[in-house]
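The values are calculated or read from the model by the stated rules, or taken from the named source; none is laboratory data. What you are looking at is a predicted structure, and each value in this text was computed from that prediction instead of being measured. We place every Cβ from the backbone using ideal geometry, glycine too, and count neighbours over all the protein chains shown. Ligands, DNA and RNA are excluded from the accessible area calculation, which covers all protein heavy atoms including side chains. Shrake-Rupley method; radii C 1.70, N 1.55, O 1.52, S 1.80 Å.
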Amino acid sequence: MTDINMQQTGSEASRKRLEIIRASLSRRHRAEAIFKGLGIAAIVLALALVGTLFWQVFSKGTPSLFQSTLHLDITFDPEVVEVGPAPEAGSGLSPAEYEEAYLDWRRALALVNWNELIANAIRDVSGTEIDGGDVRALVDNNAGLVLRSRFQDNPDLLGQTVPMDLLVSANGDNWLKGTIDRDLPDERQQLSADTRNLLDELRADDVITMDFAWHLFTNVDSRTAPASAGLAGAFMGSLYMMLIVIVLAVPIGVASAIYLEEFAPQNRITDLIEVNINNLAAVPSIVFGLLGAAVFINYFHLPISAPLVGGLVLTLMTLPTIIIATRAALKAVSPSLRQAALGLGASKTQMVFQHVLPVTFPSILTATIIGVAQALGETAPLLLIGMNAFVASVPASPLDQATALPVQVYLWQGNENRNFFEARTSAAIIVLLGLMLVLNAIAIFLRTRLERRG
Amino acid sequence: MDMIAGRGNMAEQNTDKAAKVDTLSDRRVRVSTRDVCVFYGEKQALYDVSIDVPDRAVTSFIGPSGCGKSTFLRCINRMNDTIEGARVTGKIDLDGDDVYDPSLDVVELRSRIGMVFQKPNPFPKSVYENIAYGPKIHGLANSKSDLDEIVVSSLRKAGLFEEVKDRLHEPGTGLSGGQQQRLCIARAIAVGPEVILMDEPCSALDPIATAVIEELIDELRENFTIVIVTHSMQQAARVSQKTAFFHLGKLIEEGPTEQIFTNPVHKQTQDYIMGRIG
C-alpha cells in the first residue's frame, strides 16, 4: 500500500513538475520567436537599405553610361581648313628645319575654325543655319579638338568627307535625357530655344543617338569639356595605390602578425605594441592623411598628389586591419596541429610556415581583401595629400600626379553642372563597386582553391 | 563483482605475458627520471616523480583526471616547453642523455621521442604527406624512392597500409577516427624514434578502433619503447608490462602491471583499481 501511495504522490509530483516545465517552455518558445523575428526584421531592413542604395546608384548611373552622340559627315573643306600641306620628313629638309616647319603647320591647324566644319555638317543634315556659338552650345567643347587631331593624324583628309561621332554638350545631353526640366521658362534654360529645337530635331532624325559612353573609361577628367570627362586617370590612380597597398601592407602586416603572435616574448613591450596596433585601427583615416602630408611630402619630399604617397598612406591605414585579422586567424589554429608538428620534431619556424600559415591562409586572404577594399574606398586621407587636384592626364607611373576613384566621385559630386554630373557620380560609383567586386571575386576564387587543396 | 572477476582474468593474462617477456627488471632502462617536479606558474602540478621506463616494453601511466600523468608524459619530450609559465625541475635521462641539458636541441630530442596525442591530429594534407613530413624535415630520405619506402613501411607497421594504399594522396583528415590515429602512429614511427609517447591515444575512439590500436601497441613494443597514458585501467592491464599509478600530482606506486593490478601495495592504488576513487 505504502508503495502505491508513494508512487501516486510520485506521479503527482512529476505531473506538477511537468506543468512547471511546460509553462516555462512556452515562455522560452516565445523568447525564441521574438529573437527570430527581430533577426529576420534586421536582415530585411539591411537588405532593403542595400537594395535602395544599389537601385539609386544604378538607376542614376546607368543613363550616363549612354550618352547623346552626334553622327555627322564632316567635310574637311579646304576653304575652312586653310593650311598648306603637312611638311614631310626627309624631303630636302634638315631635321631641325623639319621640326620647325611641322610646328608651324600645327600652329596653323590650331587657328583653323573647326567649329565651322561642324556647323556646315549640321546645316547639310538639318538645313538649319547655325553659328559658332550655337555649335559650342550643341557639341562638347572638345569636338573641335577631336576634328583637329583627326586631321593632324591624317592630312590627306583635306577635301574629303568622313563620318565622325561627336559628343553632344553636357547641357544638350541634359535636355535630351530630360535631366533638366523641359517646362522651365526660356530665361531659366541653359540652352536657347533654337538650340533645344535643333537638338530635338536631330534626335528625331537619329543624327543624335544614345551610344555607349566608352570615353567614360578611356578619357581623363575634363572641366572645359564636361561631356567627354572620363575616369581613366582616377582608375589608374586607384589601381597604382591598390598595388602599392598590396605589395607593402600584406607582407609587412602578415610578417608582423606572425612575429607578434608566434615568436615575440610576452612582455610589457609586446603588450604596448598590441594596444597601439588596436588603437591605430580605430584612428580616423584623415589623421593618416595628415601624417602622410607631414612625413612623406614635407619630410621625404615625395611628390604631391602622387599615387605613391597615397599608397603609402593607405598602407599605414590598412596595416592594423591586416595585423589584427592575421593574429586572430593564427590564434584560432587548433593547438593539436601545432602539437602534431612539434611532436614530430619540427622547429618552430617549420611549424609556423609549413603547418599553421597554410591553414590560416584563407582567413588572411579575406582580411587582406577587406583591408584593401577599405583602402580603395578611402577618400579623406587622399584629400590631405593633394590627390583631389584636378589632373587631366592618365598617370604613367605612381610618381605622376593622379586622383583616385572615390576622390573623383567627390569631385564630380561637387561639380556645378549638377544635372549632368549627378549621373556621372553614380557611374563612377558603379565603376568603383565593380573594381571591388572583381577584387572580391579574385579573393573568393583563390580562397576556394586553397581550401580545396588543403 | 564484475570488476574483481575482470581483475582475475587480467591477472591470468598478464602472468602469461610475464612468462613471455621475462622479468622487467632485467631490461635496459630507456628513460629514467629522478625527482621531477612541474610547476605551472606558482602552482605545483607534479611532485618528485622518479621512475624508470624499460626498453621495448609498454609502460602505462594511470590515475584519475588531473593527477599529472599527462603532464609527466609531456616532460619526457619537453612538450611542456611550449606552455607559458611551465617549469620543470629534477632530472630526466634518455639513454643517459639529460633531456633538459641546455645544449641538447629539442628538435633532436623529439626526433628520438615520438608522440601520439589524445585526439587524432593528422595534418590537413594527404596520407602520404603526413608520413613523409617527419623524414623530410629530418633529412632521413635521400631520394623519392627512399621516401616512398619509409611511407609504405611505416604504414605497414601501423597496420594501415592495406586500408589506405589506394588513397595515399587523399587527405589524411578524410580517414575514420581509428584510421587517423593509426596514421598518427605511422607518422611518429616514420621518423624512427626510440621511444613513443602516447597520451590517451584511444580516448576519442570507439571500442573496435580501440581494440585495433591496442593490438598495434602490443606489436610495436617489439621495436619501440612505449609509454602510454590511459584513463582506462583495462587498457593498461591489456597492453602494458609496467604500470605507474599517479594521484594528485604524486607517483603513488609503480611496478609490473600484474602486480599493480593484483597486489597493490598502497591503499590508494587499490581504491582506484577497485573503482572507489577517480
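Summary of values
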quantity: Dipole magnitude (debye, nearest 20) for chain A, charges at Cβ of Lys, Arg, Asp, Glu; calculated: 4160 debye
quantity: Mean shadow area of the stretch A:66-212, taken as a quarter of the surface of its Cα convex hull (nm²); calculated: 9.8 nm²
quantity: Length-normalised contact order of the stretch B:115-256 in % [C-alpha pairs under 8 Å, at least 6 apart]; calculated: 28 percent
quantity: Candidates B:E149, B:E214, B:E200, ranked by Gaussian network fluctuation over chain B, Cα under 10 Å, top entry; calculated: B:E149
quantity: Whole-number percent relative contact order across chain A, with pairs defined as alpha carbons under 8 Å at least 6 apart; calculated: 18 percent
quantity: Most mobile of B:S126, B:S203, B:S103 in a GNM of chain B (Cα contacts under 10 Å); calculated: B:S103
quantity: Axial C-alpha extent at least 27 Å, average Kyte-Doolittle at least -1.0 - helices from chain B (DSSP); calculated: B:2-21
quantity: B:V227 - accessible surface, heavy atoms, 1.4 Å probe, Å² rounded to 10; calculated: 0 Å²
quantity: Rounded to 5, the percent of DSSP beta bridges in the protein assembly as shown classed as antiparallel; calculated: 70 percent
quantity: Radius 12 Å from Cβ of A:T179, net charge of other residues (Lys, Arg +1; Asp, Glu -1); calculated: +2
quantity: Isotropic mean projected area of the C-alpha convex hull, the protein assembly as shown (nm²); calculated: 55.1 nm²
quantity: Area of B:D81 that stays accessible when all protein chains are in place (1.4 Å probe, Å², to 10); calculated: 70 Å²
quantity: Whole-angstrom gap from the stretch A:196-225 to the stretch A:119-186, using each part's C-alpha centre; calculated: 9 Å
quantity: With DNA, RNA and ligands ignored, accessible area of B:K250 (1.4 Å probe; Å², nearest 10); calculated: 100 Å²
quantity: Gap separating the Cα centres of the stretch A:313-354 and the stretch B:22-88, nearest whole Å; calculated: 30 Å
quantity: Mean Kyte hydropathy of -0.5 or more with a Cα span along the axis of at least 30 Å, helices from DSSP in chain A; calculated: A:2-65, A:232-258, A:307-331, A:418-453
quantity: Mean shadow area of chain B over all directions, Cα convex hull, nm²; calculated: 15.0 nm²
quantity: Farthest positive-ward along the protein assembly as shown dipole, Cα basis, beta-carbon charges - from B:V99, A:L382, A:V359; calculated: B:V99
quantity: Cα-centre dipole for chain B with unit charges at Cβ (Lys and Arg positive, Asp and Glu negative), debye to 20; calculated: 340 debye
